[in-house]
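Just below is one structure, and these are the notes that go with it.
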Amino acid sequence: MVELLGFFSLGFFGGFGHCIFMCNPFVIYVASKFAPNSPGYVRFFLPQIKYNLGRIITYGSLGLVFGSASSAGELFGNIVYFQKILAIFAGVFLIAYATFDILGLKIISKLENNIITKKISKIISLFRFNSPFLAGLVLGFLPCGLLYGALIGVTSLNNPLKSMISMVLFGVGTSASLLLVSVFGSIVLKHRMLFRIISFLIMIILGIFFIISGIRF
């Protein structure tokens, strides 16, 4: 239960501190392509909900794959302590990512922006999306440091179903933050540092939790 709440909180507060700048161009893309000149919130939100539903399904699928991979690795657990290493690595990654971000050292962000994102963006540019849902399914594979941390975290859960649910909740959290930003953008941006600090604390707490879990495993 603690992990599930943690992954939702990571997505929600991390979304305000990270996703609103990384993913905002895609939110604008969906709005301009599938809800042009929409006079009301309902017509504006419907494409965004479909887009985020696609992302959530992709995140859940990735969680199931990574969770299944970790379960397969358990066959070798008595030899190399596979799950223990994964849990500790997940904790260290989350703490390092949070610390780099709060200090303004965008090491992982630069990697995803300058190297990985450019290559994947070229591939994605070949797609001609005819629905926001399909756009969400594909764009859910975009590289993201926050996503990396969540996936490494669920890999250490040793439960494919729980890993999938955790990633679904992570996706719901990020989607909720993006939808709120689309309406209350100016207010959120004014308090962005507060959300970054909360996101930092949640990632640190989750990181410590995973490290302790790995040590006690």
Please sort 87-98, 137-148 by packing, taking for each peptide the average over its residues of neighbouring beta carbons within 10 angstrom, highest first. 87-98, 137-148
When Lys and Arg each count +1 and Asp and Glu each count -1, what net charge do the other residues less than 15 Å away from Ile208, Cβ to Cβ, add up to? 0
Going by average Cβ density within 10 Å per residue, which order do the peptides 172-179, 9-16, 201-208 take, highest to lowest? 9-16, 172-179, 201-208
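Computed from the coordinates by the stated procedures, all read-outs in this text should not be read as laboratory data. It should be emphasised that the depicted structure is a prediction, and the values quoted were computed from it without experimental measurement. So basically every Cβ, Gly included, is an ideal-geometry build from the backbone, and we count neighbours across all protein chains shown.
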